[in-house]
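Take a look at the structure below.
Taken together, the values in this text are just the output of simple stated rules run on the coordinates, not laboratory data. Values in this document were obtained by computation on a predicted structure and should not be read as measured data. Here the Cβ is made from the backbone with ideal geometry for all residues, glycine too, and neighbour counts use every protein chain on show.
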Amino acid sequence: MIKIMFVCLGNICRSPMAEFILKNLVEKQNLEKLFYIQSSATSSEEYGNPVHPGTRNKLAQYNIYTCGKTSVQLTKDDYDKYDYIIAMDTSNITGIFNIIKSDPQNKVSRLLDFTNHPRDIADPWYTGNFDKTYSDIYQGCSELLNTLIIKHGLWSK
């Protein structure tokens, strides 16, 4: 099983959006039994809060729902539990390292590092642009899934 943890600052906008987009893409490929996908925050500011309405509404446009998801914080133990720890931006990478301390297995990356245009994903909490965030995250998740299918030989499963 491939275990993926998406991470952003508060775990109410970008990382849950990535979590549920990737779950949806994996389900469409009938690969859900091969993946465990979650999301978390680098901060405790939003701990226990539900997914931001902007993220919920944007995902609902694509019949993707986040029912029951609340913000949780990344822990040091998560490093050993997950194969990939994927940040939404460079600042999140700093926050991840403040928690996990080191990355000897090179598990940490930004989501858009899996694309041909590596960059940060802007936080819609500040920009208000959930459309742009969705577009970037969808692109990143699609490329991530393609990469994992090839790397792990999942097309034959």
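Quick notes on this structure:
- Failed criterion for Thr94 (all others in (1) closer than 15 Å to Ser39 by Cα; (2) assigned to a helix (DSSP H, G or I); (3) among the β-branched types (Val, Ile, Thr) hold): (1)
- Cβ-Cβ under 9 Å pairs, at least 6 apart or on other chains, the range 119-138 side closer than 14 Å to Ser15 by Cβ and without any contact (Cβ under 8 Å) to a residue 60 or more places away in the chain, far side of a type in the set (Val, Ile, Thr) and in a helix (DSSP H, G or I): Asp120/Thr90; Ala122/Thr133
- When the test is whether a residue is buried (at least 20 other Cβ atoms within 10 Å of the Cβ), of a type in the set (A, V, I, L, M, F, W, C) and within 14 Å of Leu22 (Cβ to Cβ), Ile64 does not pass it.
- Qualifying residue in the range 125-137 (condition: surrounded by fewer than 16 Cβ atoms within 10 Å (Cβ to Cβ), out of contact with any helix residue (DSSP H, G or I) (no Cβ under 7 Å at 6 or more places or on another chain), within 22 Å of Gln29 (Cβ to Cβ) and polar (S, T, N, Q)): yes
- Residue list for the range 74-92, filter: crowded, with 19+ Cβ neighbours inside 10 Å, closer than 13 Å to Met5 by Cα and not aromatic (Phe, Trp, Tyr): Leu74, Asp78, Ile85, Ile86, Ala87, Met88, Asn92
- Residues (closer than 18 Å to Thr42 by Cα, assigned to a loop (DSSP other than H, G, I, E, B) and free of Cβ contacts under 8 Å to residues at least 12 places away in the same chain) located in the range 55-87: Asp77
- Hits in the range 1-30 (condition: surrounded by fewer than 20 Cβ atoms within 10 Å (Cβ to Cβ), touching a residue at least 12 places away in the same chain (Cβ under 8 Å) and over 17 Å from Tyr138 (Cβ atoms)): Met1, Ile2, Lys3
- Scanning the range 126-145 for residues that are of a type outside the set (Gly, Ala, Ser) and either more than 20 Å from Ile64 (Cα to Cα) or not in a helix (DSSP H, G or I) (or both) returns Tyr126, Thr127, Asn129.
- Here Ser109 meets the list (1) under 18 Å from Ile12 (Cβ atoms); (2) touching a residue at least 24 places away in the same chain (Cβ under 8 Å); (3) not charged (D, E, K, R) almost entirely, failing just condition (1).
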